[in-house]
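See structure below.
Every number here is computed from the coordinates shown, using simple stated rules; none is lab data. All figures in this text were calculated on a predicted structure; none of them were measured in a lab. All Cβ positions, even for glycine, are placed from backbone atoms using ideal geometry, and neighbour counts span all protein chains on display.
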Amino acid sequence: MSIHDEAEKAMWNDEGPVADNMQVPVWIESDISWQQVCAIAHGGCASGAYMPAVTYHKALATMAEHGDDVLEFIEDCYGNLPAPAVGDSWSGMASLYLSCAVEVWATGASEHYIETFKQFS
């Protein structure tokens, strides 16, 4: 088993809070665990790994409070925003953008975990 595989296996089993090791954006629940991060990075929010981004009323509330920061985060990562589907509702757009940002952040956070794991192995 490679060190990368070992790190990923450890993350899948790590229920510890991410906030103990790195900053979590305000638009993500502060008690998110490494296990959740791993699940989001592998299956996306819509897989059920992070319901606050795909539950419309929660996504709307988060975007109402932090939408500018979420959109700026996406633009900083991709250079632009993904286009919503034709006919997408306002709630659907909130979920789209929040999910996109959470998934990008989770991918980076999981890479951070793996690199940290490698350093201490």
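Structure above, values below:
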item: Per-peptide average of other Cβ atoms within 10 Å, ordering 69-82, 6-19, 24-37 highest first; result: 24-37, 6-19, 69-82
item: Length released on extending from Glu111 to Glu65, taking residue separation times 0.36 nm less the Cα-Cα span; result: 13.8 nm
item: Kyte-Doolittle mean at least -1.0, axial Cα span of 18 Å or more - DSSP H helices of the chain; result: 56-78, 90-120
item: Residues Ser2 and Phe120, FRET efficiency given R0 of 22 Å [Cβ-Cβ distance, rounded to 0.05]; result: 0.85
item: Total formal charge among the other residues, if their Cβ is under 14 angstrom from that of His112, Lys/Arg +1 and Asp/Glu -1; result: -4
item: Spatial separation of Cα centroids for segment 86-114 and segment 21-64, in angstrom; result: 8 Å
item: Computed magnitude of the charge dipole of the chain (debye, nearest 20; Cβ of K, R +1, Cβ of D, E -1); result: 280 debye
item: For His57, His112, order by how many other beta-carbon atoms lie within 10 Å, fewest first; result: His57, His112
item: Selection from Leu96, Phe73, Phe117, by position along the positive dipole direction of segment 69-121 (Cβ); result: Phe117
item: Per-pair calculated FRET efficiency, R0 = 22 Å: Cys77 and Ser33 via Cβ, rounded to 0.05; result: 0.45
item: Efficiency of FRET between His57 and Ala85 - r from beta-carbon atoms, R0 22 angstrom, step 0.05; result: 0.65
item: The chain - mean residue ellipticity at 222 nm from DSSP helices (-39,500 (n - 2.57) per run, n ≥ 4, rounded to 500); result: -21000 deg cm²/dmol
